[in-house]
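Structure, as structure tokens:
Read-outs: derived from the displayed coordinates by stated rules, not from any lab. The structure presented is a predicted model; accordingly, all values stated were derived computationally and were not measured. Cβ atoms come from the backbone with ideal geometry, glycine included; neighbour counts cover every protein chain shown.
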């Protein structure tokens, strides 16, 4: 090294010589040789504890704030749902806060509804317009003609408003378009709906069975944490899914079931458990009713019978049943979450609940636990508003859907079309939920919207629903606002707090402020005596002598440990009519429904078409995060999964088969066409269905990244099959065929 | 005893959620399009006989470093615990290291220098785990000192079957994928 | 069947790594040609007998080509404000570092060789055009005349180093299967000689010089063809990754360009032309040297690009 440098100098190149010299000792003298550890310096000057709002799970977060900007978001180790760990969405919250497309000022519609043309106005003008519209509706149609659609924790303020205003019509698509059938089925069987977060003890299960749930892609933080923990402890996984999901990739048994035939499989599993004595006889004798009826009901539901229906190998059905049975009582049949599939969903969930009972898993470690809320007092103020004079209007005339235990958002939409229900809805307040993607049958939704006298949308982004609104109110994101404290039921009760990390950007306002101002304009100020969200929470805490300071600094207050299962001394009690687990449901029998689940074949699609299935990406919460540039980096658009062998033999594509990643248009049985979307040719799915992640194909121009990207499964869901028991809108009953995007463009 | 930082990635726990990727991006203030870690899903077989391996990949912080060897200025260097770093004040952006790396772990930052995973050495020096490790909801990632046989990472690598990426490249990777 | 999903969307890295664009092959091409010019001009000038005036000026092409090559390298380098860092370190393991320093060495050597090849009148003319710097040129010329023999040795050594380096740069990057061959250095050296000869042939050298250059070029082309054959055989008979790499040139996406531009246009056709021209069966035209240049450039483009696939 030194030799060659000397040679350079000797040869006489002055430039090279001095440079060579400099590269020796010189650099050390000038401090140019050091290799300091690179530090991006993203740690906050302040760290604000709060809870997440990228999805509904509500994990505890720590927002790092530096020079007025949120630099990063990490998990709050003190919070029982995040335990210091976050999913990608939680970590990507800054992508929402600093989304360049955010709603910046209140907007008033300036053309026909749906044309998405607006004028920026002041808050005073916007809320004045809302107040004026509401008063008009109240005079003409009564206060009950106002409906609230809400999703997310900030909705509590708007629910308070509805109470004061006098309308019972508060709904969320998260029931009839999501977890409703499960809630109804578990209430029928065990006397209690499951709610969110579900009280599951996945971590201690020895066997976890997922039926159509793709936990892991469905990124419910705590549940995924526990699933990994269980796998780490050697738990086995059984996955029933037409698609080779991530969970299926980890399963001991993957059952690639024909879509729509799950009930046959579940009955066959029950058959094997009962026939081979793998059920928990003592538990059932003590706590369940209807075992004999069940035994008779599944006597002929052999694996061989189910095999012909489900397309599964009978040996696989039997072996998986034996594994599930051998692992009891810590053999967890996961109840799933998005369960509106085929219109017989309550019955399928009933079949799952019956398995839970057969395994003695309810109330046991590694199963369904007891959970509880941290007691939190209401805000003390005199005189609650009088109850509404008319009942909620989410069911059509004729007394359908008798066991809906929450409000049907789809029913509220229908009640907005004149004459469908006992009275008509005339005004909507839509808080934080993009009904355009959330609701099936888009023409029906838009028809309902066109009948309204007033539509107010409150959101942080110009979501599609905002384009249909008369007034759009820009809310501050969860990182810029205080909210009510949250005491969701959990096996370790807790209270979590939402605190603004930075002040609201632009002219956005927190939900509590919007509601309080609006209440003032419609003469309801008396019902909102608190000064702001923080005072509201502080006062609620003070009633029970709890300290705001402690909550504020750690973000969470933990209640005392409670016994959560029989092993911890929690007695098994059931709030059913009989006080027992109802394997055979007398309630269903009385209502003329099948008291035990019966398999009935689903309609098939037209030849050459594929059943459309949808699901989740771990990076996205429905369509809400599609515009988040940070989350889009690893997952920029959805794709439609198609079996590679089916693609090779696809009718109409014989001359030139579809290529990997090629853009296609999906056309459903009613001629509805999707936007162009990439096709993913894969072995990971059956050849009779296709799959796509929900939430893409958005039509709101204001969301410049999301606009037109990927395709919308909701748009292609022009048909639903409604669950007669609880009104859930079964969505997996649509069929699509393929066209080349270039040919149709 | 010299430290040897290493990572174990449990492919049996990992669900490929990308939390590691997003946390890395915000922790290290990475520009759009820049990834210091990423998720690979590898599927083998024919329906319905399939296997899936999910890997959270990043720079392997190899013990034999073709990238450092290829660097003309000393910008790419081996720092504490065998961590392979780029000193952006020495980097000319000649990309020889990128071409020398068998793993595609390096990329050109819009500022011009070459960028890559640092094992979050700035955090490690403060006693914190790398950002990806801290956030991982499935606890798939274990970081530590392989030279310390009592460390969790050393115990995992000793106990569990594992593989490294492209062992034939002779780079002796220090990221171990537990299978 | 294997399906591979990489959740990373960096256009520079995925779906394949193409870190080096057009700049590096151009740089390697110009560097190789400069090496050829240095070596061949030195040999021609060392030979007794008449020299064409053009040949006396042509050694200046070497520093010119190197300057252009360094410009291409500069364009490729992404962190341009830090380019000086090349010259604050010498890293023996990095061919990039070797190259940076060799390029610096090339300047004094090639300039002095070029000066030495001028006769007194030419040197005087040059000095008179350069004003004050003319005194320096005269002094350098005088010194170069005194050390002409030593300079020739230095020129041959530096030229060979430069030519070899352009190939070694690739072959040390073991991560790329196509490049992991020790033959790349010699291949690039002889290709450099061939393109250097071709460049010189494009200028009005005298017929004897032209004839010599053509003979040397034929020799270089023959050697290059043999080395390329050995290179491909070596890869194809090696590991699976080596076979896949050889396949890129033999039957894969780069095959057409390789066989047409490198083997056909760059080697076979000019060799044939030069043979026929040498036997006076064909009039001498610039076609053969032009084809050699095309082939040399194509070789570097194909190897750099295919190697990164």
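Before moving on, here are some points about what is shown:
- C-alpha center-to-center spacing [the range B:15-76, the range B:94-141] in angstrom: 8
- Here is how the number arises for chain A: DSSP H runs of 4 or more residues each give -39500 (n - 2.57), the sum is divided by the residue count, and the result at 222 nm is -8000 deg cm²/dmol.
- Here the range A:130-144 and the range A:450-504 have alpha carbon centers that stand 23 Å from each other.
- Calculated SAXS-style log₁₀ I(q)/I(0) at q = 0.12 Å⁻¹ - the range C:173-242, Debye, Cα scatterers: -0.42
- Panel values: the range A:56-167, Kirkwood radius from alpha carbon pairs, Stokes-Einstein at 37 °C and 0.692 mPa s, translational diffusion coefficient 186 µm²/s.
- Averaging 1/r across all pairs of distinct Cα atoms in the range A:101-179 and inverting the result yields a Kirkwood radius of 14.6 Å.
- Burial ordering of A:178, B:17, fewest other beta-carbon atoms within 10 Å first: A:178, B:17
- Rh (Kirkwood; distinct C-alpha pairs) - the range A:177-223, Å: 12.1
- The calculated pair-distance distribution of the range A:502-621 uses every alpha carbon pair, bins of 10 angstrom beginning at 0, and gives 8, 15, 16, 22, 25, 14, 1 percent.
- Taking a point 7 Å out from the Cα of residue C:125 in the direction of its Cβ, the residues of the range C:32-64 whose backbone N falls within less than 15 Å of it are C:51-60.
- Fraction of beta bridges assigned by DSSP in the protein assembly as shown that are antiparallel (%, nearest 5): 60
- Sorted into 10 angstrom bins from 0, the C-alpha pair distances of the range C:1-90 split as 14, 27, 24, 17, 10, 5, 2 percent.
- In degrees, nearest ten, helix C:207-236 long axis to first principal axis of chain C (Cα): 20
- Protection proxy ranking, highest mean first, for peptides A:348-360, A:309-321, A:123-135: A:348-360, A:309-321, A:123-135, where packing is the per-residue count of other beta-carbon atoms within 10 Å, averaged.
- Principal-axis tilt of helix C:95-117 within chain C, Cα atoms, nearest 10 degrees: 20
- Per-residue average of Cβ from other chains inside 10 Å of B:50-58: 4
- Mean silhouette area of the range C:52-193, derived from the convex hull of its C-alpha atoms and averaged over all directions, reads 10.5 nm².
- Average other protein chain Cβ within 10 Å of Cβ, residues C:92-100: 6
- The range C:178-245 and the range A:221-298 have Cα centres separated by 69 Å.
- Rg/Rh ratio calculated on Cα atoms of the range A:82-142 (Kirkwood radius): 1.21
- With distances taken between every two different alpha-carbon atoms, the range A:465-531 has a Kirkwood hydrodynamic radius of 14.0 Å.
- With Cα atoms, 0 to 90° folded angle of helix C:148-171 axis to chain C main axis: 10
- By the count of other C-beta atoms within 10 Å, a proxy for reagent exposure, A:400, C:81, A:666 are ordered fewest to most as C:81, A:400, A:666.
- As a ratio to 2.2 N^0.38 Å, the alpha-carbon radius of gyration computed for the range A:37-98 takes the value 1.08.
- Over chain A - Rg/Rh using Cα atoms and the Kirkwood inverse-distance radius: 1.02
- Note on chain B: helix-only mean residue ellipticity at 222 nm, from DSSP H runs of 4+ residues weighted -39500 (n - 2.57) and normalised by residue number, equals -4500 deg cm²/dmol.
- Computed over chain A, relative contact order equals 18 percent, with contacts defined as Cα pairs under 8 Å that lie 6+ residues apart.
- Shown for A:158, A:653: other C-beta atoms within 10 Å of each C-beta, ranked fewest to most, produce the order A:653, A:158.
- With a simple spin-label model that places each label point 7 Å from the Cα along the Cα-to-Cβ direction, the separation between residue A:377 and residue C:22 comes to 7.7 nm.
- Per residue of B:64-72, other chain Cβ atoms within 10 Å of the residue Cβ number 6 on average.
- Where only C-alpha atoms are counted, convex hull volume of the range C:112-262 per residue in Å³: 154
- Separation in nanometres of the label points that stand 7 Å from Cα toward Cβ, at residue C:143 and residue A:300: 10.9
- Computed over the range A:645-745, the alpha-carbon pair-distance distribution with 5 angstrom bins reads 2, 12, 19, 23, 20, 12, 7, 4, 1, 0, each value a whole percent.
- The ratio of the alpha-carbon radius of gyration of the range A:386-425 to the globular-protein estimate 2.2 N^0.38 Å is 1.12.
- Restricting the calculation to alpha carbons of the range A:203-320 gives Rg and Dmax of 15.3, 40 angstrom.
- The peptide list A:444-455, A:92-103, put in order of mean Cβ contacts within 10 Å with the highest first, becomes A:92-103, A:444-455.
- Gaussian network model of chain B, Cα within-10 Å springs - most flexible of B:43, B:133, B:78: B:43
- In the elastic network of chain C, a GNM with C-alpha springs shorter than 10 Å, the most mobile of C:258, C:90, C:60 is C:90.
- Candidates C:222, C:266, C:31, ranked by Gaussian network fluctuation over chain C, Cα under 10 Å, top entry: C:222
- Cα convex hull, chain C: 152 Å³ per residue, rounded to a whole number.
- Using equal-weight Cα scatterers in the Debye expression, the normalised intensity of the range A:124-241 in log10 at q = 0.16 Å⁻¹ is -0.89.
- A crude spin-label estimate for the pair residue A:654 and residue A:139, with each label 7 Å from Cα along the Cβ direction, gives 7.0 nm.
- Normalised alpha carbon radius of gyration of the range A:577-653 [divisor 2.2 N^0.38 Å]: 1.88
- log10 of Debye I(q)/I(0), alpha-carbon scatterers only, for the range B:1-156 at 0.11, 0.21 Å⁻¹: -0.45, -1.43
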